[in-house]
Amino acid sequence: MAFSDGKGIGMSGILYVVATPIGNLSDLSRRAAETLSAVDLIAAEDTRHSRIILAHLALRKPVVSYHAHNEAQRSAELLRRLQAGEQVALISDAGTPLVSDPGFRLVDLAHRHAIPVVPVPGPSAVITALSAAGLATDRFTFLGFLPSKKKARQELLRSVVDAGQTQVFFESSHRIRDTLCDFQRCFDNARLMAIARELTKQFEEIVRLPVGEAVDWLDSDANRSRGEFVLLLSGVEVPACDAGRQSSEIDRLITLLQPQLPLKKVVEICVDYFGVPKNQVYRMALEQKKKN
């Protein structure tokens, strides 16, 4: 069966990357439900979890497991089925596949073999947490799950001490306290952070507080150590005097690069080097170009 998605792809095999609820089953989109109903096969990170979604939709569909331990072998098998014209939906345990979940190998293979890849967007723990955390969202960095080893975890946290944009991490229940203790060791304890746990579920909590209060907040209720966590750390504000100095440095770099590189490349280099918003650099570069 070929599923027409309105893109005129025809009867060729299609890989659908389908976002599923991160907790509340009502968040499953109509398009996601229609896609799961129409495809020939569902590749799921955990087939037991996928059965809950299929039962919610009253669907009986062939399901195969696709997880970190069988990704290489299963990707090759799924590619063959896609090349034979089958329609395959990729889903993870929760949220959008590939975001700290398996799937990259299969999507990469599909592109390499000219198999259309169609995203079916929906729930994402990262975006859900950002939307309600009350921290800046114009620019953010998502760093996935923090390392399980203490030394590696602290090294990663120290690498973003001076970051000017919001940092987003995933963490599990059995490491959450150790991680929050590391936050207090690595960051200014007055720096704002947000803790989001059990998003969209019955015991959802989203709290914004100084880093120095995070462990006490966690310890004040044993239930707060349960579930899945998204941790968000506010960016460092640049003092007004430093902002002026930084602007001058950006201006100098633009002056050096403009005669040698396209405007787009100049902006990319400045954004990467200084960690400032792209529109700010673009505006500065345009102003320089007009003057010259």
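A short reminder: the numbers here are calculations on the coordinates, not readings from a lab. Bear in mind that the values here come from a model prediction, so they are computed numbers and not experimental data. Cβ: placed from backbone, ideal geometry, glycine included. Neighbour counts: every protein chain shown.
See the values below:
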read-out: Sequence-distant residues sharing a close amide H with Ile14 (under 5 Å, placed H); value: Gln87, Val88
read-out: Radius 14 Å from Cβ of Asp178, net charge of other residues (Lys, Arg +1; Asp, Glu -1); value: +4
read-out: Whole-Å distance, taken between Cα centres, linking the stretch 117-175 and the stretch 50-84; value: 28
read-out: Largest-first principal axis extents of the Cα set of the stretch 179-265 (Å); value: 60, 27, 19
read-out: Loop-resident sites, the stretch 176-258, for chymotrypsin sites (Phe, Trp or Tyr not before Pro), counting at most 12 other Cβ within 10 Å (DSSP); value: Phe203
read-out: Residue with peak Gaussian network fluctuation, the chain [Cα springs, cutoff 10 Å], from Ala196, Ala72, Ala44; value: Ala72
read-out: Sites excluded, trypsin sites (Lys or Arg not before Pro) in DSSP loops with at most 11 other C-beta within 10 Å, longest stretch of the chain; value: 150-292
read-out: Reach of Lys61 by Cα under 29 Å, taken over lysines that are not fewer than 8 positions away in the same chain; value: Lys7, Lys201
read-out: Amide H within-cut-off set for Arg139, under 5 Å, with H built and near neighbours excluded; value: Thr166
read-out: Cα gyration tensor shape of the chain, rounded if a/c is under 1.5, else prolate or oblate by comparing a/b with b/c; value: oblate
